[in-house]
1. Would you check which residues across region 343-354 are open to solvent by 70 Å² or more (accessible area, probe 1.4 Å) and among the hydroxyl-bearing types (S, T, Y) and list them?
2. Looking for whichever is surrounded by 12 or more Cβ atoms within 10 Å (Cβ to Cβ) and either at positive phi or in contact with a strand residue (DSSP E or B) (Cβ under 7 Å, 6 or more places away or on another chain) (or both) here; the options are H528, H532. Which one fits?
3. Out of region 182-204, which residues are more than 19 Å from S231 (Cα to Cα) and not in a loop (DSSP other than H, G, I, E, B)?
4. How many of the residues making up region 449-469 are out of contact with any Gly (no Cβ under 7 Å at 6 or more places or on another chain), surrounded by fewer than 18 Cβ atoms within 10 Å (Cβ to Cβ) and either hydroxyl-bearing (S, T, Y) or on the phi < 0 side of the Ramachandran plot (or both)?
5. If I ask for residues that are open to solvent by 30 Å² or more (accessible area, probe 1.4 Å) and in contact with a strand residue (DSSP E or B) (Cβ under 7 Å, 6 or more places away or on another chain), which ones from region 250-264 would you list?
6. With the structure loaded, tell me whether Q392 is surrounded by 15 or more Cβ atoms within 10 Å (Cβ to Cβ), over 18 Å from K309 (Cβ atoms) and under 24 Å from the mean Cα position of the chain (by Cα) or whether it fails that test.
7. Select the helices (runs of 4 or more DSSP H) contained entirely in region 316-422, then report the ones holding at least 3 residues which are of a type in the set (K, R).
8. Hey, among S78, S98, S103, which residue is within 29 Å of V165 (Cβ to Cβ), out of contact with any Lys or Arg (no Cβ under 9 Å at 6 or more places or on another chain) and at pLDDT below 90?
Amino acid sequence: KTKNANILGFCWTSSTEIVFITDQGIEFYQVLPEKRTLKLLKNQSINVNWYMYCPESSVILLSTTVLGNVLQPFYFKSGTMSKLSKFEIELPVAPKSSKLSLSERDIAMATIYGHLYVLYLRHHSRTSNSTGAEVVLYHLPREGSCKKTHILKLNRTGKFALNVVDNLVVVHHQDTETSVIFDIKLKGEFDGTATIQQFVLPPRSIQPYQIPVAGPASVTSQSPVPCKLYSSSWIVFQPDIIISASEGYLWSLQVKLEPVVTLLLDKGKLMDFLLQRKECKMVILSVCSQMLSTTERGSLSVIATVFDKLNNEYKKYLEAEQSYTMVVEAGLSRSNPLLKRPVRTQAVIDQSDMYTHVLSVFTEKKEAPHKFTIAVLMEYIRSLNQFQIAVQHYLYELVIKTLVQHNLFYMLHQFLQYHVLSDSKPLACLLLSLESIYPPAHQLSLDMLKRLSTANDEIVEVLLSKHQVLAALRFIRGIGGHDSISARKFLDAAKQAEDDMLFYTIFRFFEQRNQRLRGNPSFTPGEHCEEHVTFFKQVFGEQALMKPTTF
């Protein structure tokens, strides 16, 4: 539309919307494919030096004014163009002449942790005592003014390029052929206006890559050619694209998390870093295993810090899931179309993950002194309790099994007495099964079941399934339910145990019960115990049956 304007470029903001950027402004058109025409939706006159487009956020940034350091963003959404508040980039030194001082090469736009940032590569710091270049981050919100939030210190000079991968700012340095990584979620120093960050890891090169030689099969036996890294022909696009113009390749940059483990020795900081990464679960679990292994054993306070950081994420997810469920159950989800189920990221490491991949493996290896093993298990349980996360019974079972293996019954007794291990049916069953090696376990189990008061039938079933028929019978007698239980169920279990003396004891118990309740030791037809009576006669003879006693 604008006469005598030079078109600097265009951006498709959707399949039917296109924006033309000229040196005199911006023109937003709707494309009408069936009419093969364009309809001007909006235009804005403004002197433009250069522009940049971020497709993820549908924002176009225009460089305006003579120096080029006043940036004007526009946001596009379904047929509308909104002008966001403009902002000025602070140049390193006041320019002497009035010519373009901010180059498009030194600006990038990227979404980091869900927020849009403008990244400015400042080749010289504004402070006189600081040497080296820095990357300044400006947070660009949909509403409100753009603010300078972070300064990433590069501590070197030369040619740089920026990428953003997995919410990390990666700065490539051509002279040293290395890259540094920044994570703005990690703690930095606040200087009154912005947070100053140092790189998380020491400078490292991108992993070398071998390019296979293309061509006929007879020729391809040649060895692959190494890709030229940090080449002057590289062109970088946001967020994670590198184009090697001389070789004709387009690369996407990725982060490898495994090597970070050996580069970041502070375990707390390492966890803060890993928990923010997309593919972090298996790396985190391997760090936890490593931390408990003989060669790299951490102190209990470090282990506690790591557990707390993991459970903090776990709790946040559980709370989000709980509020979502409450809203859905209350029927409010229809009135709130934006409500989404919380996404379970890999940073959510729950109890079954820890149990399966770390704690059960650690206890089985028996490499560590048992006191350390128990302290680690109790530390994990303490951390769960601190975040008010219900502890799963299998963690308590792991503690009990470890205590039993090392004959630490006094400690087990104390843990139960002071309710360090919470009551549950599976735990009570486990205690019942320990009776043969630790007789007081029977009473501890009964006490627990009485506190639970809802578990009696299940306990009997569990004990019978483990062929612990006498323990089941003792338990029933302990709670006073032995007059109403099914004789057949107990005799079946005793027979399956293939222990004649056990069968004799159980059979005799029910004969005595019949005598006491009915005045006759024999079983009634309704009890369906005929096959058991026959079996008893076969093994012990008919004379072993109880005779009715009359008074």
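1. Start the filter on region 343-354 by keeping residues that are open to solvent by 70 Å² or more (accessible area, probe 1.4 Å), which leaves 343-345.
Listed by number, the list holds a single entry, T345.
2. Working: H532 fails: either at positive phi or in contact with a strand residue (DSSP E or B) (Cβ under 7 Å, 6 or more places away or on another chain) (or both).
Answer to the check: H528.
3. As a first pass, look at region 182-204 and keep what is more than 19 Å from S231 (Cα to Cα): 182-202.
Of everything in region 182-204, those that are more than 19 Å from S231 (Cα to Cα) and not in a loop (DSSP other than H, G, I, E, B) turn out to be F182, E189, F190, T195, I196, Q197.
4. Step one: filter region 449-469 for residues out of contact with any Gly (no Cβ under 7 Å at 6 or more places or on another chain), giving 449-455, 457-469.
Applying the additional criterion that residues be surrounded by fewer than 18 Cβ atoms within 10 Å (Cβ to Cβ) yields 450-454, 457-458, 461, 465-467.
Checking the rest, the ones that are also either hydroxyl-bearing (S, T, Y) or on the phi < 0 side of the Ramachandran plot (or both) come to 450-454, 457-458, 461, 465-466.
Going through region 449-469 one residue at a time, the tally reaches 10.
5. Let us first name the residues in region 250-264 that are open to solvent by 30 Å² or more (accessible area, probe 1.4 Å), namely 250-252, 254-256, 258-259, 262-263.
Passing the criteria: L250, W251, S252, Q254, V255.
6. Details: surrounded by 15 or more Cβ atoms within 10 Å (Cβ to Cβ): yes; over 18 Å from K309 (Cβ atoms): yes; under 24 Å from the mean Cα position of the chain (by Cα): yes.
Considered against the rule, which asks whether it is surrounded by 15 or more Cβ atoms within 10 Å (Cβ to Cβ), over 18 Å from K309 (Cβ atoms) and under 24 Å from the mean Cα position of the chain (by Cα), Q392 comes out as yes.
7. Working: elements: 351-354, 360-365, 370-386, 393-405, 409-417.
Filter on region 316-422 gives an empty set.
8. Working: S78 fails: within 29 Å of V165 (Cβ to Cβ); S98 fails: within 29 Å of V165 (Cβ to Cβ).
The conditions single out S103.
The values are calculated or read from the model by the stated rules, or taken from the named source; none is laboratory data. Note that this is a predicted model, so its numbers are computed, not measured. Counting neighbours? That spans all protein chains shown, and the Cβs are built from the backbone with ideal geometry, glycine included. Protein only, heavy atoms only, side chains kept; ligands, DNA and RNA dropped before computing areas. Shrake-Rupley method; radii C 1.70, N 1.55, O 1.52, S 1.80 Å.
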